[in-house]
Amino acid sequence: MVMQQEPLVAGWWSQWRATLVVVLVGAVVCAVLWPTTLSLYARWIRMDEAYSHGFLLLAAVLVLIAQQPWPAMQTGRRWPWLLAMLPVAMLWWVGHLADIILFEQLCLPLLWLCGVGAIWSSSALRAFAFPILFLYFAIPIWDHLVPVLVDTAVHVVSFLVARTDIPVMMQGDQIEIPSGIITVADGCSGERYLVVGLAFGTLAARLYFSRAGWRALIIVLALVLGLVTNWVRIYLLVLIGYATEMRSSLMHDHELFGFVLFAIIFAFLVWLIRAHSDQQSPPAPTAPPRRLNGSWMAGGGWLLLLALPHVSATLLTSGPGISPLPLPELAATKVDWPLGRPLFRQRNEARLEQSWQLSEQPAAWINLTHTGFGDAPDLFPYSTLLLRDDWVILGQRVIRDDDGHQGRELELRGRYGGERYLVRYFLAVGDMVTTNPYLAKLAEIPARLSGRPTGTRLALIAHCLLQDCAAARLKLEQLSAEDPRVILSTYLNGDWP
């Protein structure tokens, strides 16, 4: 019995050994860069999020790798892929130091691909490029399209509703009809339909079409149908809300409704693929050549370059924490957070935060948050600062103080209370003052390396009386010429009392 099993095992190992090594390279990347892997797991495990398809897509990647035909010969050099890995490893290092998790996540497939090229050569890298890069449809890079998708959906749906007899008014991301208000929040942006649709279209174009023109058409159609699915969904919900005076259960629970609509709309794309496919079945997998000589020296260099950024970044961030300096004292009354809900995205780690009331008519406050990067990593998120689920942006503009420091003014309305506020905020990191959260994030790196891993967010808030923000804007103009400039200058010079 043993004599019969040995040829079978040997044949199985001969066919699958190289594919298993490709999968093992990806597993090593995930294990060495485990903080990044856990961040992806945290997004995928949220079944109500736009990336709940992550585990399914990962399974598809593994199936594609197993079915990918191996190149008949090993051609190309291995060492150039180690050089190509250097900027990718540097990008991961920058992302880890600045707490830009997106940079880290973007590097995972590229580091996996560089490992395949370093171990098996360029021909194997070209063969497995599509399965590995397909993983980007499960990486949250698409989150940065959410504000654009929300604005587009609101404008399209408002245009469609205006073509009916339903009176409609649009304010920010809210669609107001006589029956009530429908909010196109971030979760209703259609990101899920767009990403899943694009992933489906890209995979179908790869497997069932050989001509570039058809492949491009299928991908573009998947993009358009993903957008149309969300637009039609919101439009139908507006009609249902108007007809039922917002009493339909679909107004509160419309996830299943969206998936059914997605399946109906994408049935057209499935029909098109079946009717015009010029490659009726995916190519059959082929075993690797008998002599598939992996370069263990190049593989060792790849592993070293993979571990070096993680080790160095960990050493830089694991030193003794720097306690935030005390907040300055103002000649004003200290108060608790004046608004019913928070304005900004931030975690509740240890930080120094204080609010002062500066006037009563109109009511105006100043809020200052000063913290170390390790204590509150989301003080400067690399996406939107504002809690969009709680506040509607009615308008915004860029302003500058007398020292040339750039700030941003937002006109906000609370989603629940309906009160209006004007908010001006500044972000200070090291020697940089900005309102751009991306620049503030990048500025954390030189600030951390110079021994000043602290940051400050300064916000001026004024209440708009009777929904009129003229008096509030005048008050902010007066305050911007006084206290904020003094506080920021004090912070930047390091002359805390």
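Out of curiosity, is Ala50 among the small types (Gly, Ala, Ser) and modelled with pLDDT under 90?
Considered against the rule, which asks whether it is among the small types (Gly, Ala, Ser) and modelled with pLDDT under 90, Ala50 comes out as yes.
If Cys188 satisfies all but one of (1) farther than 17 Å from Arg233 by Cβ; (2) modelled with pLDDT under 80; (3) crowded, with 20+ Cβ neighbours inside 10 Å, what's the number of the condition it fails?
(1)
Quick check on the stretch 86-114: of everything there that is over 19 Å from Pro35 (Cβ atoms) and in contact (Cβ under 8 Å) with a residue 60 or more places away in the chain, which residue is surrounded by the most Cβ atoms within 10 Å (Cβ to Cβ)?
Within the stretch 86-114, the match that is surrounded by the most Cβ atoms within 10 Å (Cβ to Cβ) is Cys114.
Note down all Cβ pairs under 6 Å where the first residue falls in the stretch 44-70 and is free of Cβ contacts under 8 Å to residues at least 60 places away in the same chain and of a type in the set (A, V, I, L, M, F, W, C), the second is part of a helix (DSSP H, G or I) and surrounded by 16 or more Cβ atoms within 10 Å (Cβ to Cβ), and they're at least six residues apart or on different chains.
Phe55/Trp44
Taking interchain pairs and intrachain pairs at least six residues apart, which have beta carbon atoms under 7 angstrom, with the first residue in the stretch 17-36 and outside the structural domain of Leu125 (by TED's automatic domain parsing) and the second crowded, with 18+ Cβ neighbours inside 10 Å?
Once the first residue is outside the structural domain of Leu125 (by TED's automatic domain parsing) and sits in the stretch 17-36, no partner that is crowded, with 18+ Cβ neighbours inside 10 Å comes close enough.
Please indicate, with yes or no, whether at least one residue in the stretch 144-152 is farther than 22 Å from Arg413 by Cβ and modelled with pLDDT under 90.
yes
Can you confirm whether the stretch 318-329 contains a residue that is modelled with pLDDT of 80 or more and not assigned by TED's automatic domain parsing to the domain that holds Leu412?
Checked against the condition, which is being modelled with pLDDT of 80 or more and not assigned by TED's automatic domain parsing to the domain that holds Leu412, the stretch 318-329 yields no hits at all.
Is there any pair with a first residue in the stretch 243-259 that is part of a helix (DSSP H, G or I) and surrounded by 13 or more Cβ atoms within 10 Å (Cβ to Cβ) and a second that is at pLDDT 80 or above and not aliphatic (A, V, I, L, M) whose Cβ atoms are under 6 Å apart and which are 6 or more apart or on different chains, and what are they?
Hits for this filter: Leu250/Phe257; Met251/Gly241; Gly258/Arg233.
Looking only at the stretch 35-52, which residues are in contact with a Phe, Trp or Tyr (Cβ under 7 Å, 6 or more places away or on another chain) and among the polar types (S, T, N, Q)?
Ser52
Could you say whether any residue in the stretch 112-119 is at pLDDT 80 or above, over 30 Å from the mean Cα position of the chain (by Cα), under 29 Å from Arg206 (Cα atoms) and not assigned by TED's automatic domain parsing to the domain that holds Leu203?
Scanning the stretch 112-119 turns up at least one residue that is at pLDDT 80 or above, over 30 Å from the mean Cα position of the chain (by Cα), under 29 Å from Arg206 (Cα atoms) and not assigned by TED's automatic domain parsing to the domain that holds Leu203.
Applying the selection to the stretch 419-446, what residues are in a helix (DSSP H, G or I) and in contact (Cβ under 8 Å) with a residue 40 or more places away in the chain?
Residues satisfying the conditions are Pro437, Tyr438, Ala440, Lys441, Leu442, Glu444, Ile445.
Here's a check for you: in the stretch 367-405, which residue that is modelled with pLDDT under 80 and among the charged types (D, E, K, R) is surrounded by the most Cβ atoms within 10 Å (Cβ to Cβ)?
Among those that are modelled with pLDDT under 80 and among the charged types (D, E, K, R), it is Arg388.
Looking at this structure, is Thr202 closer than 19 Å to Asp173 by Cβ, at pLDDT 85 or above, of a type in the set (Val, Ile, Thr) and crowded, with 16+ Cβ neighbours inside 10 Å?
So Thr202 does not fit the description; no.
Assess whether Val9 counts as being in a helix (DSSP H, G or I), exposed (fewer than 12 other Cβ atoms within 10 Å of the Cβ), hydrophobic (A, V, I, L, M, F, W, C) and modelled with pLDDT under 90.
yes
Condition (residue is within 26 Å of Ser295 (Cα to Cα) and modelled with pLDDT of 90 or more) applied to the stretch 40-47: is it met by at least one residue?
no
Find the residue count for the stretch 434-453, including only residues that are surrounded by fewer than 24 Cβ atoms within 10 Å (Cβ to Cβ) and either assigned by TED's automatic domain parsing to the domain that holds Trp92 or within 20 Å of Asn367 (Cβ to Cβ) (or both).
Residues in the stretch 434-453 being surrounded by fewer than 24 Cβ atoms within 10 Å (Cβ to Cβ) and either assigned by TED's automatic domain parsing to the domain that holds Trp92 or within 20 Å of Asn367 (Cβ to Cβ) (or both): 4 in total.
For Ile132, are the conditions met, namely being surrounded by fewer than 20 Cβ atoms within 10 Å (Cβ to Cβ), more than 30 Å from Gly241 (Cα to Cα) and either of a type outside the set (Gly, Ala, Ser) or modelled with pLDDT of 85 or more (or both)?
no
So for the stretch 203-219 (the condition being within 25 Å of the chain's Cα centre (by Cα), within 22 Å of Leu58 (Cβ to Cβ) and in a helix (DSSP H, G or I)), does at least one residue qualify?
Yes, some residue in the stretch 203-219 is within 25 Å of the chain's Cα centre (by Cα), within 22 Å of Leu58 (Cβ to Cβ) and in a helix (DSSP H, G or I).
In the list Ile141, Ile177, Ile132, which residue meets the criterion of being in contact with a helix residue (DSSP H, G or I) (Cβ under 8 Å, 6 or more places away or on another chain), touching a residue at least 24 places away in the same chain (Cβ under 8 Å), of a type in the set (A, V, I, L, M, F, W, C) and over 30 Å from Leu110 (Cα atoms)?
After applying the criteria, what remains is Ile177.
The values are calculated or read from the model by the stated rules, or taken from the named source; none is laboratory data. Source: prediction; values computed, not measured. All Cβ positions, glycine included, derive from the backbone under ideal geometry; neighbour counts span all protein chains shown.
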